[in-house]
Amino acid sequence: MSLSLKISHLSNTLEPRDQCRAVRTFEFSSICFRGGHWRTELSSPKLRTRCAGSDAGISGGRSVPEWTYTGSKDETFSDLEIDDDGSNGGNGDSGGNNGYGGDDDGEEEEEEEKEFGPLVKFDEVMKETERRGITLPEDMSEAAKSVGIRKLFLLRYLDLQGSVWPLGFLMRTCSMLRNRMLADPSFLFKVGTEIAIDSCCATFAEVQKRGDDFWSEFELYAADLLVGLVVDVALVGLLAPYARIGKTSVASSTGLFKGLRRSCAALPSSVFEAERPGCKFSVNQRIATFFYKGLLYGSVGFGCGLIGQGIANMIMTAKRSIKKAEEDVPVPPLFKSAALWGVFLGLSSNARYQIINGLERVVEGSTAAKRIPVVAMAFTVGVRFANNVYGGVQFVDWAKLSGVQ
């Protein structure tokens, strides 16, 4: 959206006087507010006459209105005409020569407005939240004061925040969940699908593997299930697109790894994340995302492997200290098992879930899914079920090859 403030032409035929002097000035064609900054577009310089005295009276002329912009959000300009037609405004040099991107910025604003709606300013945001009796989180409130909030994000948040517990509570307190829900309303469906499929597949495999000892070893199964739940949330959440609201705090951060944090914050959430207005990603950034997410996946896998296998090993050791049996299998090595989980998630799971995200993006953007949303939901269930089955078989093979099982 390009909000242009046009100054009506003030030039009139002026009679030369002793107290007036000829100076070279620029004609202001438009003053635009774009991307959180006021920008002035100038036409070519022209020779004008300007009165040396501010109070000099000139017959047939009109004095230039005296106004300045101080940055206050409550500033009103009675002499300015508001043009909200989405154009770049003015007939001056709107190209890249002014250093602001010109038409490209205008096109990005229009695209972003089409997808997420217009920017809602602080006063309007406050009116809507007060009407619904809802308080914005601090980061969203700061964003509303500085640059505004896209209408779609604001309405989604207000609707989700008023949901039943615990969703409403989590939307207010957990920004990671909130931003992912704002960008993808089906995020919770994907997380729930992943947990349900993985839990069912794990339960079936545990029953088949343990047989008659399933209930006597139920605590081991419960520990595996709990760790699996954490892994499922991480697998889906780390690659999910998220709403970028306001200015990132990384840019103003200080410290040894300031540059690294800034580079990581600029990466897409997944290799195949769709480009959006204001979020353009290069090929190098997408390649870097694969390795960066692999490192995060590996860290999650190693940590969960330590916790899950540690609990299982303690239970197995405690039971065998009470009663030993000849058919008891050796207690798996803790750090070797955790390392296996880390490598498996960082390589295999990372690659598979990156592909799944790309496939879901294609299906969700198709005409059939837009007309019939259940098509995208059915595809999510099918592709994630197939992935869980294949991933489970692959993990068993990796465990046997590494000697952990």
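Output the residues belonging to region 119-143 that are touching a residue at least 60 places away in the same chain (Cβ under 8 Å), among the hydrophobic types (A, V, I, L, M, F, W, C) and over 18 Å from residue 185 (Cβ atoms).
Matches in region 119-143: 119, 143.
Among the aliphatic types (A, V, I, L, M), open to solvent by 40 Å² or more (accessible area, probe 1.4 Å) and under 17 Å from the mean Cα position of the chain (by Cα), is that true of residue 260?
Considered against the rule, which asks whether it is among the aliphatic types (A, V, I, L, M), open to solvent by 40 Å² or more (accessible area, probe 1.4 Å) and under 17 Å from the mean Cα position of the chain (by Cα), residue 260 comes out as no.
So for region 182-200 (the condition being in a loop (DSSP other than H, G, I, E, B) and touching a residue at least 40 places away in the same chain (Cβ under 8 Å)), does at least one residue qualify?
yes
Quick check on region 151-160. Is at least one of its residues within 23 Å of the chain's Cα centre (by Cα) and in contact (Cβ under 8 Å) with a residue 60 or more places away in the chain? Write out each step before concluding.
Keep residues of region 151-160 that are within 23 Å of the chain's Cα centre (by Cα), which gives 151-160.
Among the residues that remain, those that are also in contact (Cβ under 8 Å) with a residue 60 or more places away in the chain are: 153.
Yes, the conditions are met somewhere in region 151-160.
If residue 179 meets every condition in (1) within 21 Å of the chain's Cα centre (by Cα); (2) among the polar types (S, T, N, Q); (3) assigned to a loop (DSSP other than H, G, I, E, B) apart from one, which number is that one?
In the conditions (1) within 21 Å of the chain's Cα centre (by Cα); (2) among the polar types (S, T, N, Q); (3) assigned to a loop (DSSP other than H, G, I, E, B), residue 179 misses (3) alone.
Of everything in region 274-320, what is among the small types (Gly, Ala, Ser), in contact with an Asp or Glu (Cβ under 9 Å, 6 or more places away or on another chain) and more than 25 Å from residue 345 (Cα to Cα)? Give them in sequence order.
Within region 274-320, the first condition is being among the small types (Gly, Ala, Ser), and the residues that meet it are 274, 278, 282, 288, 294, 298-299, 301, 303, 305, 308, 310, 312, 318.
Now drop any that are not in contact with an Asp or Glu (Cβ under 9 Å, 6 or more places away or on another chain), which leaves 278, 308, 312.
Once the filter is applied, which keeps residues that are among the small types (Gly, Ala, Ser), in contact with an Asp or Glu (Cβ under 9 Å, 6 or more places away or on another chain) and more than 25 Å from residue 345 (Cα to Cα), region 274-320 yields only 278.
One residue is enough: does region 273-283 have a residue meeting the conditions free of Cβ contacts under 8 Å to residues at least 60 places away in the same chain and assigned to a helix (DSSP H, G or I)?
Yes, some residue in region 273-283 is free of Cβ contacts under 8 Å to residues at least 60 places away in the same chain and assigned to a helix (DSSP H, G or I).
When the residues of region 362-389 are filtered to those that are farther than 27 Å from residue 202 by Cβ and crowded, with 17+ Cβ neighbours inside 10 Å, which remaining residue is farthest from the chain's Cα centre (by Cα)?
Restricting to residues being farther than 27 Å from residue 202 by Cβ and crowded, with 17+ Cβ neighbours inside 10 Å, the top hit is 369.
So in region 390-405, with the set limited to residues that are small (Gly, Ala, Ser) and assigned to a helix (DSSP H, G or I), which one is nearest to the chain's Cα centre (by Cα)?
The residue in question is 391.
How do the pairs read when you match residues in region 207-221 that are closer than 18 Å to residue 310 by Cβ and part of a helix (DSSP H, G or I) with residues anywhere that are of a type in the set (Ser, Thr, Tyr) and open to solvent by less than 80 Å² (accessible area, probe 1.4 Å), using Cβ under 8 Å and keeping only pairs 6 or more apart or on different chains?
As it stands, the answer is 221/203, since those pairs meet every condition given.
Which of the residues that make up region 365-394 are in contact (Cβ under 8 Å) with a residue 12 or more places away in the chain and either touching a Ser or Thr at 6+ places or on another chain (Cβ under 8 Å) or hydrophobic (A, V, I, L, M, F, W, C) (or both)? Quick ask: steps written out before the conclusion?
Here is the first cut: in region 365-394, the residues in contact (Cβ under 8 Å) with a residue 12 or more places away in the chain are 365, 375-377, 379-381, 383-385, 387-392, 394.
Passing the criteria: 375, 376, 377, 379, 380, 381, 383, 384, 385, 389, 391, 394.
Suppose we filter region 317-368 for residues that are in a helix (DSSP H, G or I) and over 25 Å from residue 389 (Cβ atoms); how many remain?
Matching residues across region 317-368 total 11.
The values are calculated or read from the model by the stated rules, or taken from the named source; none is laboratory data. Nothing here was measured: the structure is a model prediction, and the numbers come from that model. Neighbour counts run over all protein chains shown; Cβ positions are idealised from the backbone, glycine included. Side chains included, ligands, DNA and RNA excluded: accessible areas come from the protein's heavy atoms. Shrake-Rupley method; radii C 1.70, N 1.55, O 1.52, S 1.80 Å.
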